[in-house]
Amino acid sequence: MRCPKCGSRDDKVIDSRQSRDSSSIRRRRQCLSCGYRFTTYEEIERSDLRVIKRDRRTHEQFDRRKLAGSIAKAFEKRSTSLLTLEQLVDDIVHELETSGREVNSSDIGAKVLEKLKDIDEVAYLRYASVHQRFGDVDEFVDAIQKLGRRVKKNSAQRELFAVDETQEPRLKAAPSRPVDGGKTNKKKHGRV
Ligand SMILES: [Zn+2]
């Protein structure tokens, strides 16, 4: 953003607020050259990005607020600033919109997780458990173990259980058959 006083293009955002209906963001900026403070308003542009849902057949309009909401939920009661979250959503939306007009919902989830991993591991686990983005149970257990003592054992187990139920591969034993298809039995019967 060009400084209205000196024309420099370098500034930093010092405060950021959403309008009541979350349709615009007011940003307080400070010029890094002369220190002048000014305000910008950002409107959220309606995205023409399409999201292909998990069933691979239906798709829907990309909804930034939905994405922001799911991320905010993962950060509930974490000490992460609104600015960080907004930046995170901005980054993800930007990456999605520049990579094509269609995106798989699973790719959005993967992208969110990739970012969360570096920002907040608890938020990462929460998001992953809600959106079931772990490839398998081992991966989830690994992530929990890496978290170590930072998460209370009980909550970790609860989350593990929740994922366990839906993610564990169902290894149902195939109906057992005699190795030689029962021929031996027939022969035996024949001889008798
Ligand atoms: Zn300036």
Hey, any hits in region 5-23 for a residue that's more than 19 Å from A128 (Cα to Cα), away from the ligand (no atom under 16 Å from the Cβ) and surrounded by 15 or more Cβ atoms within 10 Å (Cβ to Cβ)? yes
For region 52-73 the number of residues that are aliphatic (A, V, I, L, M) and over 17 Å from D91 (Cα atoms) is 1
Of the candidates R101, R28, R65, the one satisfying the condition of being within 16 Å of the ligand (Cβ to nearest atom), over 19 Å from S129 (Cα atoms) and not small (G, A, S) is R28
Selection from region 76-111 of residues part of a helix (DSSP H, G or I) and β-branched (V, I, T) yields T84, V89, I92, V93, T98, I108
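Throughout, read-outs are computed from the coordinates displayed, never taken from laboratory work. These numbers come from a predicted model, not from an experiment. Positions of Cβ are generated from backbone atoms using ideal geometry, with glycine treated the same way; all protein chains shown enter the neighbour counts.
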